[in-house]
Amino acid sequence: MSNDDPTGRHRGESEHKHRLLSVLGYGILVLTLGFGLFAVYTYRHLNENLNVLNVDKQLGDDRPDQADLQKSGKPLNIMVMGSDSREGSGNNIDGLTGGGQRSDTTMVLHLSADRKFAYGVSLPRDAMVERPTCYDDDMEEIPGGFDMWNAAFAYGGPACAIRQFEQLSGVRIDHFVVVDFNGFKDMVDAIDGVEVCIPEDVDDDVGNIHLKAGTRELEGQEALNYVRVRHNISNNGDIGRMKRQQAFIAAMVNKVSSKGVLGRPDRLFSFLDAATKSLTLDQRLGSVVKIKNLAEQFQNIGTDNIKFITVPWDFYEPDPNRLVWAEDANLLWKKMKFDEPLSKRLSSDVITAARRPGSTATPDPDSSESPSADPSDEATEPTEAETDAAEAAEANGLCA
């Protein structure tokens, strides 16, 4: 065959193209398999991190019924509990005796049926309530009694806390999540910290917690200290701590939903790895796919429509260091049960991910309007609202 044989030249070009396409094809196949295997590994790894509990039997057969709502979709009520052990160096910040776990943080998160709004209600650990009869893991009876809110978790774990809430409020809980506080700081580290504003230096000798004033991103133990500190930061004890926790969670939601996390696969994986390691969930929510599906339902709500409040409360007269739920709490539970948004009256101290104390966001208009306001007074209302907000922020250890 001569060198100018067109058949040979075309055959060579064809073989070259074939080899090139083969290399590209194998490369694409390797990349596809690589990403697929990584996805499988990620799913299995994160799924194995989760601790799943079935507490249906412990919740009993006298639970509140779901409200009969003439709406498409289904509202969800999720109880979130922050748990930590007092055992080990630096953990016993409250000076409590005895080992085991306690839940000093409880929040009930309501997600509307139309997925257009959501609100979280913090429940004070120091509130005095009637604890119903509960059951332990072996279904042995735990007698009820008049006690602090967080005693239920100490006696009977998440099942007893859920049962206590359901019996007191008439609202049925669909899911529960227990977050280990020591794992919580790893979640914060994974997103390179969460920004908070501390109005004054904090020196808490009870918990050995010391924080410098200013606006900055807290990481690691310092972030954990911030959400747990109770002394020498506000003049209202546990209420102030809950408001600071709400502000911190709102800031954390804002950070996680930002491009700095969602646009960084390494950072997002680290956050999810830390999060799943710190979670205990019910069996109906106990997989990465189910958690992902739930998270997706929050996507279209918007950070401004996810609100955080504290249950209406009064001081407990026999002991000013304790609280009780106020009468307005019944209005709140009714709205939650029948899937209604918060009223202006109930959202006077609201915090959102978009508008946080110490941020540059505008005040919540709900907190500055009155149904009976005289139009001639409109010019003075923002100043009054700002003054009220500043006073509340100071009382709660937050920046105005």
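Just so you know, all these numbers are worked out from the coordinates, no wet-lab data involved. A quick note: this is a predicted structure, and the numbers were derived from the prediction, not measured. With ideal geometry, Cβ positions are generated from the backbone for all residues, glycine too; neighbour counts draw on all protein chains shown.
One table, with the values for the structure above:
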{"item": "Nitroxide proxy distance, nm - points 7 Å out along Cα→Cβ at residue 139 and residue 296", "result": "3.7 nm"}
{"item": "Calculated FRET value between residue 257 and residue 45, using beta carbons and R₀ = 22 Å, to 0.05", "result": "0.45"}
{"item": "Potential lengthening between residue 324 and residue 192 on full extension [0.36 nm per residue; Cα-Cα distance subtracted]", "result": "43.7 nm"}
{"item": "Exposure proxy ranking, count of Cβ atoms within 10 Å, fewest first, for 344, 259", "result": "259, 344"}
{"item": "Taking the C-alpha atoms of region 245-292, convex hull volume expressed per residue in Å³", "result": "91 Å³"}
{"item": "Packing rank of 242-254, 187-199, 317-329, 59-71, where each peptide gets the mean count of other beta carbons within 10 Å, highest leading", "result": "242-254, 187-199, 317-329, 59-71"}
